[in-house]
Amino acid sequence: MELERFLEEQASEGNLESAGLQFSLDLSKAADKLAAFALPSTSHYLLKFVQVAHHLRADVINVKIERYRTVVRFRAPRGGSLTDSESIHRAFADPLAIKDPIMADLVSGLIGTVSGENLETLWSYSQGHKGRRVYIDRKRQFSIKDFVLSRPLDEGDYPFAYTLSVLHPRTWKFWQGARRRAAAAKVLEEHCRYSGVRIVVDAKELESHPSSELNIHLRTTQWTENVGYVHTCHAADNIVYQLAANHEVPCSILRPSLSAYVVRAHHVNLWVSSIRANNSLKPDGNSSAAWMLQFLNGEQNVSMRYVPKRVLLRTCLCLNLQGEAAEHPLRIKIVRAGVTVLEQAMDEHAEEFKAFQGCVLLFAEEELETDLTGFQVIQNQAFFAKIRSYQPLLEKARRYYENGQKLIRSYSEG
């Protein structure tokens, strides 16, 4: 009855009226195949549905982590293979043969809900009066049913509505539920703050990382007698933001405040104090993350005045060109469909990427090979070629910095 009750609670999707086409499968008999999709933790299935939402071009993902249920909802303009019962059934029957990356994420996510922490899983899709649901019960029986809703979805939003509901066991051991809820929230916090889609967890939006996060490895902490611990952030020399095109699956980052920067020569964004005569200060590295900021829309530099606070981008390159920070090897951050899948210093390849010394490279990508979970990037020749492909962007960033320095000097002298 949990399934039927949940459908009745979905006010935006109406009530179950009649069932149509049905498929079923015993997941316990496919244990060997499903084992290859084992996720790093019992909460990582949430990341898979974040990735599904990105691929379907959702704007917002709503997550509710409750005592006995975890629910993920989003609306999207696309459906694709995820709305086809036969495709879903074939994918579960032979998950190793899946070619569609969106279907692979869906199957991996649903398989990830099959654990001792969960009792039942419901994944439902609705469009207009029609819908489809995938149900995994307590005996690990998998079934798909088409259904008709008594009233259509609310208008004025994307036509496709998706809902994941995972039911958890009721127990007097309250600390187990608290631990599970904390672990679920932590997984989203740690892996989704570069997400291109807004994520709302328990009515509170998960904030994108600020630009200062790129230089977090350079942050120092010192103890002073009168103040206590003092954290010192390092300001980059230039941060270049390559804006995402409409057809791309982006990542995101928060740009610094407009109040801390001034625009010169139409598109050169300079830390405001750097143009003052006899300036002896430097950016704090936190609210003012860099001496200058560069925003690229296609091949054109643009003013930060025309860029929203939460920047949707395909690439972000942070340059540290002066002092000790310039001696650090390249660091990379890779975001796949809203989930950070790799954060690594390229120490072992420092010589190969010497041109990138002192840089931090953040980029969204969907093509590099991964393991079956999709969370482990395989560092093969394609991986290294992808990094080298950002050499032209590095050269643009250096030229921008050199031109910006001239503007700073000219304004300081004047």
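What follows draws every value from the coordinates through simple rules; no lab data is involved. As the structure is a computational prediction, the values presented were derived from the model and not from experiment. Note that we place each Cβ from the backbone using ideal geometry, even for glycine, and neighbour counts take in every protein chain shown.
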- Query: Full extension from residue 138 to residue 203: what is 0.36 nm times the residue separation minus their Cα-Cα distance, to one decimal in nm?
  - Reply: 20.5 nm
- How high is the FRET efficiency between residue 115 and residue 216 when r is their beta carbon distance and R₀ equals 35 Å, given to the nearest 0.05? 0.60
- Message: Over the Cα atoms of the range 211-413, each weighted equally, I'd like the Debye log10 I(q)/I(0) at q = 0.15 Å⁻¹, rounded to two decimals.
- Response: -0.96
- Note on the structure: If each K or R counts +1 and each D or E counts -1, the residues other than residue 348 whose Cβ falls under 14 Å of its Cβ total -1
- Query: Could the peptides 388-396, 83-91 be put in order, highest first, of the mean number of other beta-carbon atoms found within 10 Å of their residues?
  - Reply: 83-91, 388-396
- Roughly speaking, what % of Cα-Cα pairs in the range 304-388 are separated by over 18 Å, rounded to a whole number? 47
- Message: Suppose we keep just the DSSP beta bridges with both residues in the range 308-378; what percent of those would be antiparallel, to 5?
- Response: 70
- Task: Take the Cα gyration tensor of the range 120-212, multiply each eigenvalue by 5, square-root it, and list the three semi-axes largest first, rounded to whole angstrom.
- Result: 28, 24, 11
